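The next block holds one structure in the form of structure tokens; read it before the comments.
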């Protein structure tokens, strides 16, 4: 395994594990503030899909060279990730947690309704392309599209009262 490939794969693993820790802490705090979760039934499927995606990157990408052009695109996506997480702060989580407070409308949320979902779509495409795994990008983009169709529907229904108060 080349050093760049190792570092790229290690980054993805550390990043995703760190996000799960942050999400767990934020979820616990939000629930303590009176928030509630929706869509819990599909959450394990989403986690499994992302875990298999990472497994494919590791298993099929460990011997691949890094495409530095795609790595630059991936790095730009990480800047967007930092902007999103920084904007949401303690409200960011991997689950759909509904807090009966006004929605965040600053940062990237001024421009996009679901910037984090757009980011994840881009990452699911770009990370495999860094390792020239086009088929992984295609397969998981389709799986993620199905997951997001469910997830955005559940979230939209739960957030409707906050967007359109009586």
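The values are calculated or read from the model by the stated rules, or taken from the named source; none is laboratory data. Bear in mind the structure is a predicted one, so any value in this text is a computation, not a measurement. Note that we place each Cβ from the backbone using ideal geometry, even for glycine, and neighbour counts take in every protein chain shown.
Every residue, every condition in (1) under 16 Å from the mean Cα position of the chain (by Cα); (2) surrounded by fewer than 18 Cβ atoms within 10 Å (Cβ to Cβ); (3) touching a residue at least 60 places away in the same chain (Cβ under 8 Å); (4) more than 24 Å from residue 158 (Cα to Cα), yes or no:
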{"position": "53", "(1), (2), (3), (4)": "yes, no, yes, yes"}
{"position": "80", "(1), (2), (3), (4)": "yes, yes, no, yes"}
{"position": "92", "(1), (2), (3), (4)": "yes, no, yes, no"}
{"position": "100", "(1), (2), (3), (4)": "no, yes, yes, no"}
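Among the conditions (1) in a loop (DSSP other than H, G, I, E, B); (2) under 24 Å from residue 149 (Cβ atoms); (3) out of contact with any strand residue (DSSP E or B) (no Cβ under 9 Å at 6 or more places or on another chain), the only one that residue 40 does not satisfy is (3). The condition (being in contact with a helix residue (DSSP H, G or I) (Cβ under 8 Å, 6 or more places away or on another chain) and surrounded by fewer than 17 Cβ atoms within 10 Å (Cβ to Cβ)) is satisfied by just one residue among 33, 29: 29.
This table checks each residue for (1) surrounded by 12 or more Cβ atoms within 10 Å (Cβ to Cβ); (2) in contact (Cβ under 8 Å) with a residue 24 or more places away in the chain.
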| residue | (1), (2) |
| --- | --- |
| 105 | no, no |
| 109 | yes, no |
| 116 | yes, yes |
| 127 | yes, yes |
| 135 | no, no |
| 148 | yes, yes |
| 151 | yes, yes |
| 155 | yes, yes |
| 158 | yes, yes |
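Looking only at residues in the range 137-146 that are in contact (Cβ under 8 Å) with a residue 60 or more places away in the chain and closer than 19 Å to residue 95 by Cα, the one that is surrounded by the fewest Cβ atoms within 10 Å (Cβ to Cβ) is 143. In the range 87-108, which residues are more than 21 Å from residue 40 (Cα to Cα) and either part of a strand (DSSP E or B) or at pLDDT 95 or above (or both)? Result: 87, 89, 106, 107, 108.
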